[in-house]
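Okay, structure first, notes after.
Read-outs: derived from the displayed coordinates by stated rules, not from any lab. All values reported here derive from a predicted model rather than from experimental measurement. Cβ coordinates were reconstructed from backbone atoms using ideal geometry, including for glycine residues, and neighbour counts include every protein chain displayed.
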């Protein structure tokens with residue numbers, strides 16, 4: 001995998017490009033392309049990294 005999703009690690013902050021109203025999520029795990037993210041407005045969501053490209057957020 002050469003996409004950014006493969007670089008996501010637990011604790012990193014991300015946004016879902018198709019669900020901006022979910023807010024700023026925190027990666028819980030990234031195993032075999034299945035990324036579990038805890039979003040403040042959607043709860044814990046398992047995302048298929050081959051279908052959705054999460055946007056890393058690097059802000060203080």
*Distance histogram in 5 Å bins (all Cα pairs of segment 1-40, percent per bin)*: 6, 27, 31, 25, 11, 2
*Give the order of 53, 16 when sorted by the count of other beta carbons within 10 angstrom, beginning with the fewest.*
53, 16
_As a footprinting exposure proxy, order 51, 13 by other Cβ within 10 Å, with the fewest listed first._
51, 13
